[in-house]
1. Would you say S72 is touching a Phe, Trp or Tyr at 6+ places or on another chain (Cβ under 9 Å) and not aliphatic (A, V, I, L, M)?
2. Can you name every residue in the stretch 86-126 that is of a type in the set (A, V, I, L, M) and within 12 Å of the chain's Cα centre (by Cα)?
3. Tally up the residues in the stretch 66-76 that are out of contact with any helix residue (DSSP H, G or I) (no Cβ under 7 Å at 6 or more places or on another chain) and surrounded by fewer than 21 Cβ atoms within 10 Å (Cβ to Cβ), please.
4. How many residues are touching a helix residue (DSSP H, G or I) at 6+ places or on another chain (Cβ under 9 Å) and without any contact (Cβ under 8 Å) to a residue 12 or more places away in the chain if we restrict to the stretch 77-109?
5. Out of the stretch 75-105, which residues are of a type in the set (F, W, Y) and either touching an Asp or Glu at 6+ places or on another chain (Cβ under 8 Å) or part of a helix (DSSP H, G or I) (or both)?
6. Among the candidates V159, V120, V170, which residue alone is modelled with pLDDT of 95 or more and not in a helix (DSSP H, G or I)?
7. Name the residues in the stretch 106-132 that are touching an Asp or Glu at 6+ places or on another chain (Cβ under 9 Å) and of a type in the set (S, T, N, Q), would you?
8. Looking at V181, V187, V159, which one is surrounded by 17 or more Cβ atoms within 10 Å (Cβ to Cβ), in contact with a Pro (Cβ under 7 Å, 6 or more places away or on another chain) and free of Cβ contacts under 8 Å to residues at least 60 places away in the same chain?
Amino acid sequence: MTNAQQPPELLDHLEQRLGQVQRIESAQSDRGNRGYDLTFYQNEEPPVTTVVTNGLRFQKITSMLPEELVCSLRSDQQHIAHYLTDSIASLIIKNERGMEYGSVFDNDQPIIEGTEIVGVIAHTSPMFDEAFNLYPDQAKPQLQILTLVPITKPEINFVGREGADMLFEVFHLNGTNILDVRRESAV
């Protein structure tokens, strides 16, 4: 990948929901090209930062559709959204295997110091309408957008028993603030 410019329509698709682009972290670094840029979006109400990969869709990975990753967290947790998005994208490239909705990456230990978060689940966006998840539309999707949500060990176990959709139903019923990594487990 030399320059993963987003087509104007994709940028509009993202900005309509995520807010204005605040900055872009280039794929190029002193260690070479990681294969994707990271784009930071800011929404003022509620104060949410979203980090989006740009270029993952061009990498040699196996997935149902080309994909990009999105992680939205409270604005004061931007560094964590950055860390999670970058780490999962790097693992996808290393494993040459994309994620699908409902996929979980987990760890035995907390992945964020001082929290119960031990993994992430890829899901359709719990914050935006269904049209956000597939680009340009559901009739002829060319790109899937996977939202990464940090989860706890009990939540991972729940997904294993009940499925990802049921976990998001529990989040909804409990009013769980999934934008805050300092939250307690919902199950």
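The values are calculated or read from the model by the stated rules, or taken from the named source; none is laboratory data. Predicted, not measured: the structure shown is a model, and the values here were computed from it. No Cβ is skipped: glycine too gets one built from the backbone with ideal geometry, and neighbour counts run over all protein chains shown.
1. When the stated conditions are applied, S72 passes them.
2. Passing the criteria: I88, A89, M99, V104, V120, I121, A122.
3. Residues that pass the stated criteria total 3.
4. The qualifying residues number 1.
5. Y83
6. V120
7. Hit for the stretch 106-132 is T124, nothing else.
8. V187
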